[in-house]
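Right, one structure below, let's go through it.
Nothing in this text is a laboratory measurement; each read-out follows from the coordinates by a stated rule. All values reported here derive from a predicted model rather than from experimental measurement. Please note: Cβ atoms are built from the backbone with ideal geometry, for glycine as well, and neighbour counts cover all protein chains shown.
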Amino acid sequence: MKVLTIGLGQAGSKVADLFLMEDRKSHAPHTFECLAVNTAISDLMGLQYIPQEDRILLGETEVKGHGVGADNKKGAKIAEEEVEIILNRISHMNVSKMDAFLVIAGLGGGTGSGAISVVAKHLKRIYDEPVYAIGILPAENEGDIYTLNSARSLKALLPSCDAVILVDNGAFLRSGESVRAAYDRINEEIVKRIGILCRAGETRSRRQVGEMVVDASEIINTLRDGGVCSIGYASEKVKREGLFTRVFKKKQYEIGKASRILSVVKRAVKGRLLLPADYRSANKALIIIAGPPEQLDRKGIEKAREWLETTITGTEVRGGDYPLLKSSYVGCVVLLAGIGNAPRVKSMLEKVVQEKVGVEPQKEKDLESLLGDIDTL
Ligand SMILES: Nc1nc2c(ncn2[C@@H]2O[C@H](COP(=O)(O)OP(=O)(O)OP(=O)(O)O)[C@@H](O)[C@H]2O)c(=O)[nH]1
Ligand SMILES: [Mg+2]
């Protein structure tokens, strides 16, 4: 799946920069094209891989290149006034070759948080390709302004794009680690999971084409009526097999392979999701098993697919493989779409509603009615 990625604000731009670095490192044809947009000139200058002409500074007359200081209403206003600059750059980027757009931002700040829904909305207005978002939620201890910004931004974002993949910074923090090191680790985690998802169906050499290819349309169908989405990942080191083992010990090895795949898939959904959530409340899912071709047992993938199908709320589960000739790991990415129960999102919205009206909202309120009580951007 070829993706035109637009990183907004500092967090979004850094993740977009990393997508480009990973993409250009591999010898496969390019999967990601990336733009960075910010109101802070120093953050744009700090990027390493996105070319100068694809770094866009907004709001120069208003904030003089210094950012909007976590004021996401200002971020949204500047983006609305100057969105043509972004759209104009995109129109020169071979959009006809792209399968989807991906907008990325930290929802707790000002520029990215305000701009992300504005940019998504205009992309949807102009193009037929789906628009997906990655929204990074602040850790709980980052402060009330970040929580409020995230709630407002999410309310605007959900109806502006096809699906919102959320990431909870708080879920990945380790005690004693610097914030910067934590961000780098989280960004790598995002790029790894989405990179596998998008690269799996791309055409490569014949030996690297899977038996069960997951192409762009499978991802698009999984994310259709997406709502809140999350992504799980797990891997297991494997011993590479020589020709002798593959030919003479085939049966014995196959049994082990299928159960390994099932166990890695279970660990991926029960382990650390980008947004911690009840995986059983998902409406659709997509499984990708990546690893050495001889490990990608078709029956194992089928078994894992059937298990997830009977476990989640919905019934649509797609699955496929992604052969990696040099890898010594079997890795698994699981995309969960239309998640109904994400405690972090609910508690964030409840906190904002409580501060606004002065009383704790009723516990049985669902996401939609909580969002209804949040101020608009
Ligand atoms: N995962 C991750 N989160 C980040 C990173 N940088 C900032 N954040 C988070 O993103 C939120 C702040 O967003 P920023 O991107 O810094 O803000 P901005 O969009 O540049 O907006 P202003 O600086 O207010 O103009 C906070 O919740 C941070 O925790 C990063 O590199 N990775
Ligand atoms: Mg900034």
Could you calculate the FRET efficiency of residue 364 with residue 240 from 1/(1 + (r/R0)^6), where r is the beta carbon distance between them and R0 is 45 Å, rounded to 0.05?
0.30
So what's the projected area for region 321-377, the Cα convex hull averaged over all directions, in nm²?
6.7
Given a Förster distance of 35 Å, the FRET efficiency implied by the Cβ-Cβ spacing of residue 64 and residue 270, rounded to the nearest 0.05, works out to 0.10
Charge context of residue 262, other residues only, Cβ under 12 angstrom, K/R +1, D/E -1
+3
What's the local net charge at residue 66, with K and R +1, D and E -1, over the other residues with C-beta under 11 Å away?
-2
Between region 99-152 and region 264-285, how many Å separate their Cα centres?
22
Could you pull out the pairs from 74/356; 155/351; 284/363 whose alpha carbons sit more than 22 Å apart here?
284/363
In what sequence do 164, 238 fall when counting other Cβ within 10 Å, fewest first?
238, 164
Between helix 298-311 and the chain: long-axis angle, C-alpha atoms, 0 to 90°, nearest 10:
50
What FRET efficiency comes out for the pair residue 328/residue 184, r = Cβ-Cβ distance, R0 = 30 Å, nearest 0.05?
0.80
